[in-house]
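Asker: Dumping the structure here so I can ask a few things about it.
Just so it is clear, none of the values below were taken in a lab; they were calculated from the coordinates. All values reported here derive from a predicted model rather than from experimental measurement. Ideal geometry is used to build each Cβ from the backbone, glycine not excepted, and the neighbour counts take in all protein chains shown.
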Amino acid sequence: MPGATLARRRGAVNRGYTAGVNPHRWLLSILLAAGCAAGTSATREQGTAAALAPAYVYAGGPSGEIAVFKLDRISGKLSGQGSVPAGRTAALVTDRQGRFLYCASDGEVAAFAIRAKNGSLQSLGRASTRGAGTSDLTIHRNGKYLLAANERSGNVVVFAVRPDGSLGPAEPYGAGSSPQAITLNPALDFAFVLNPGSILQFGFNTGTGILTPSREHAVALPAKTNPQRLVFHPSGKFAYVVQEGPGNLAGYAFEPTSGTLSSLAFQTIPLFAAKARLRGGDVRVAPSGRFLYAVDRTQDSVATFKVDPETGGLSALGHQEAGGRQPRALAITEGKLNAILLVANERSLNSFLVDGGTGALTPADTAPLHAAPAALVVATIVRD
């Protein structure tokens, strides 16, 4: 690698992190940069392959059914495709290729194959999470592992994903008093578990599927906050946490040497009005990394923020009507011309076209939901 290129890559990675001369820090910084570059290249290849690929939206909740919609990736139009029985749904996730969908309910995860022709779901069986109150799911970027958080049992479990999409036995790990959500860094193999009052941090071995608690202390959160969602910036350098109670959005820097988040948030910003108290919402970062969107069921609007790519800092851009009452979940995907934001409201699913320059949302379509949703995910079908 030419020296000038290496210097530029190293500088790009270290910008925003604590400077240092530790050779291990230097090496891991290069690895993070290489991981991000590889991810960007893979994303470009996927984007080319997905240019003509269909996309489907799935919404699930306490009703016990997953509603299926086809998404027009130019206009944002939604076309209902029926529903599939799945049990009381707390979380949904798909792999990157849009081959499989996983649904978390109390004490188990249901696996489905996604049919590319119409987005319908074929059952691949259910797997026990070995704990009660399964509240969240995340899938590793290689598609080989699925992780689930069990809110009432105090553990997270790791499933090996078989080639046909079905799940192997769950391997449990202690993860605090009440795990609310679990997230993986998109560039390096570290996992983060939200508990009331703290974020627990783990290393993740992709060869064995083993979670190893970090030697660093858990990240302490402000008193009387109940974190509901943690999302990473696509670069992997920053993470954002929605804090119920005070109604804030907090930004954290990711430290690649230790694989941990900074112990103090570099920014805390009100999600809505200064005194609004949140009671259940969601947050997503645009695929470009330039904008962040958040909702809470106490407010009938979508909060929009601009993201500084160097520092991760947020600047409030305003609010857009969510298209319905009590928005509960978000999903965002690349369209053929614009990114498309999906908002699951109490009784409707709404799509918005994202302006790539300003982050502004233009309403595209609305479709009825027969029951209040708890989870939302969009799958773009990518076939080799």
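Asker: Pick from Leu314, Leu124, Leu271: which is most flexible by mean-square fluctuation in a GNM of the chain where alpha carbon atoms under 10 Å apart are linked?
Answerer: Largest GNM mean-square fluctuation: Leu124.
Asker: Just want to confirm a number: the relative contact order over the chain, from Cα pairs under 8 angstrom separated by 6+ residues, in percent.
Answerer: Computed value for the chain: 14 percent relative contact order.
Asker: Return the Rg/Rh ratio of the chain with Cα-based radii and a Kirkwood Rh. Let's see the in-between values first.
Answerer: Working: Rg = 19.6 Å, Rh = 20.9 Å.
Expressed as Rg/Rh, it is 0.94.
Asker: Which cross-chain or sequence-distant (5 or more) residues have an amide H under 5 Å from the amide H of Leu349, H modelled 1.01 Å from N in plane?
Answerer: Placed amide hydrogens put Ala367, Leu369 under 5 Å from Leu349.
Asker: Compare Pro373, Pro62, Pro163 in a GNM of the chain, Cα atoms joined below 10 Å, and give the one with the largest fluctuation.
Answerer: For the chain, modelled as a Gaussian network with Cα springs under 10 Å, the answer is Pro163.
Asker: Return the calculated 222 nm mean residue ellipticity for the chain, to the nearest 500 deg cm²/dmol, obtained by summing -39500 (n - 2.57) across DSSP H runs with n ≥ 4 and dividing by the residue count.
Answerer: -3500 deg cm²/dmol
Asker: Give me the extension gain from Glu216 to Arg279: residue separation times 0.36 nm, minus the current Cα-Cα distance, reported in nm with one decimal.
Answerer: Values: separation 63, 0.36 × 63 = 22.68 nm, distance 2.99 nm.
So the extension gain works out to 19.7 nm.
Asker: Report the label-to-label distance for Arg88 and Leu264 in nanometres (one decimal), using points 7 Å from each Cα along the Cα→Cβ vector.
Answerer: For Arg88 paired with Leu264, the spin-label model returns 4.2 nm.
Asker: What does the net charge come to around Glu244 if you take all other residues with beta carbon closer than 12 Å to its beta carbon, with K and R at +1 and D and E at -1? Before the final figure, lay out each step's value.
Answerer: Details: positive: Lys224, Arg229, Arg277, Arg279, Arg297; negative: Asp282, Asp296.
With Lys, Arg at +1 and Asp, Glu at -1, the neighbours total +3.
Asker: Sticking with this structure for a sec: Please give the Cα centre distance for the range 270-343 versus the range 90-153, rounded to the nearest Å.
Answerer: 24
Asker: I've got another one for you. Past 24 Å, Cα to Cα: identify those pairs from Lys237/Lys306; Lys144/Lys336; Lys70/Lys336; Lys306/Lys336; Lys77/Lys306; Lys117/Lys336, in the order given. Please list the in-between numbers first.
Answerer: Values: Lys237/Lys306 16 Å; Lys144/Lys336 28 Å; Lys70/Lys336 15 Å; Lys306/Lys336 22 Å; Lys77/Lys306 26 Å; Lys117/Lys336 19 Å.
In this structure, Lys144/Lys336; Lys77/Lys306 lie more than 24 Å apart at Cα.
Asker: Please build a GNM for the chain, connecting alpha carbons under 10 Å apart, and tell me which residue among Arg99, Arg279, Arg215 fluctuates the most.
Answerer: Result for the chain, Cα springs under 10 Å: Arg215 fluctuates most.
Asker: Ranked from highest to lowest mean number of other Cβ atoms within 10 Å per residue, what is the order of the peptides 206-214, 323-331? Don't jump to the answer; show the numbers that get you there.
Answerer: Numbers: 206-214: 14.6, 323-331: 21.4.
Answer by packing, highest mean first, reads 323-331, 206-214.
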